[in-house]
1. Assuming Ala201 fulfils every condition listed in (1) in a loop (DSSP other than H, G, I, E, B); (2) small (Gly, Ala, Ser); (3) closer than 25 Å to Gly62 by Cα apart from one, which condition is it?
2. Going through Trp290, Trp281 one at a time, which residue ends up being of a type in the set (Phe, Trp, Tyr), in contact with a Ser or Thr (Cβ under 8 Å, 6 or more places away or on another chain) and either modelled with pLDDT of 90 or more or not in a helix (DSSP H, G or I) (or both)?
3. Looking only at the stretch 40-96, filter to residues that are touching a Gly at 6+ places or on another chain (Cβ under 9 Å) and polar (S, T, N, Q); which one of those is farthest from Tyr274 (Cα to Cα)?
4. Taking the stretch 54-96 as the region of interest, how many residues are within 14 Å of the chain's Cα centre (by Cα), over 29 Å from Ile116 (Cβ atoms) and of a type outside the set (D, E, K, R)?
5. Kindly indicate whether any position in the stretch 207-223 is modelled with pLDDT of 95 or more, in contact with a helix residue (DSSP H, G or I) (Cβ under 8 Å, 6 or more places away or on another chain), among the acidic types (Asp, Glu) and not in a loop (DSSP other than H, G, I, E, B).
6. Among Ala123, Ala115, Ala93, which is without any contact (Cβ under 8 Å) to a residue 40 or more places away in the chain and touching a helix residue (DSSP H, G or I) at 6+ places or on another chain (Cβ under 9 Å)?
7. Residues of the stretch 161-185 being of a type outside the set (Phe, Trp, Tyr) and not in a helix (DSSP H, G or I), which ones?
8. Say whether the condition of being under 26 Å from Gly133 (Cβ atoms), crowded, with 18+ Cβ neighbours inside 10 Å and not hydrophobic (A, V, I, L, M, F, W, C) is met by at least one residue in the stretch 225-241.
Amino acid sequence: MMIAVAGTVVIVVAGLAAFAAYHDKASPPRPAHRRSLTSPLPHTPGTYLGVYATRGQVSYAGVRAFTRSTGAAPDVVTYYSAWLEPFQTTFAATAAQHGAVPLVQMEPTNISLAAIASGKSDAYLSDYAAAVGAYRHPVILSFGHEMNGQWFSWGYRHAPPASFVAAWRHIVTLFRELRVRNVTWLWTVNVIHGRSHRITAPGPWWPGRSYVNWVGIDGYYWKPSWTFVSLFGPTIAKVRELTRDPILIAETAAASAADQAAKITDLFRGVREYGLLGFVWFNAPHIRDWQINGAAAAAALRKGAQTYRLPGS
């Protein structure tokens, strides 16, 4: 989406060890499933339901409110992380307590990708990697999302794709050299809009299969006539030219005018028909009208979530 958010929450389910120590009477935690530190996250199709639910300070309050209002408990909690911002351990611990996986979108705003690739951010990245490793539960990390669009400083028309690839590979290699094994690397692109000059096919930014675990795709239902096939289908086809890695719809929502309830049903259907991991709903307040609005939309989300095969269940 063409919005940079410094504190964002997305949620996708994964079997985790219970983290202990946090109690919330209004939104009881989902029983967590124990996983080893080094085992990968499940990649069964139709497994993950996520939400981005806050702006500003990284907090779990928006996630709890989303769960209460929809009756659907998310399993991946995402936030958007400014460069040099530390790993949000408290937020991640709360996610683990609720049986959810934190998804972090690292945003190198106005940072030289070539400098990252050459090691100039290694002190920050090493501290970040150490904090993620010490967390000892699964974390989904993405760097420089929507790079095939022109609205971010690291993206199309602003930085060479080769510089992005070099920075991505450097970050993944650093984490691996530090033996941080609890990360699922999510390479996140924006949907391709046929005639838009602001977006292009994502191929030039592909880091290579050995540097990516999952692919994320961001796309929004702006019009009632749009369907999962028309919105996501062309981009899925382009991704499949690059890799067979599991795909997560990493950011999505529908405007109220586009018939939210129908689009939510369409999302669950599309995830099922394409064999994708699931989707993350962009439920941030005060950003257009993407929030779940009304009983029909909440019911559609709740009904769809009941069809998911949760990890460890």
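The values are calculated or read from the model by the stated rules, or taken from the named source; none is laboratory data. Computed from a predicted structure; not experimentally measured. Heads up, the Cβs are rebuilt from the backbone with ideal geometry, glycines too, and the neighbour counts pull from every protein chain shown.
1. Checking Ala201 against (1) in a loop (DSSP other than H, G, I, E, B); (2) small (Gly, Ala, Ser); (3) closer than 25 Å to Gly62 by Cα, the one that fails is (3).
2. Values: Trp290 fails: in contact with a Ser or Thr (Cβ under 8 Å, 6 or more places away or on another chain).
Matching residue, one of Trp290, Trp281: Trp281.
3. Once the filter is applied, the top-ranked residue is Gln57.
4. Number of matching residues: 1.
5. Looking through the stretch 207-223, none of the residues is modelled with pLDDT of 95 or more, in contact with a helix residue (DSSP H, G or I) (Cβ under 8 Å, 6 or more places away or on another chain), among the acidic types (Asp, Glu) and not in a loop (DSSP other than H, G, I, E, B).
6. Working: Ala123 fails: touching a helix residue (DSSP H, G or I) at 6+ places or on another chain (Cβ under 9 Å); Ala93 fails: without any contact (Cβ under 8 Å) to a residue 40 or more places away in the chain.
From the options Ala123, Ala115, Ala93, the qualifying one is Ala115.
7. Start the filter on the stretch 161-185 by keeping residues that are of a type outside the set (Phe, Trp, Tyr), which leaves 161-163, 165-167, 169-174, 176-184.
Within the stretch 161-185, Leu178, Arg179, Val180, Arg181, Asn182, Val183, Thr184 meet the criteria.
8. Keep residues of the stretch 225-241 that are under 26 Å from Gly133 (Cβ atoms), which gives none.
No, that holds for no residue.
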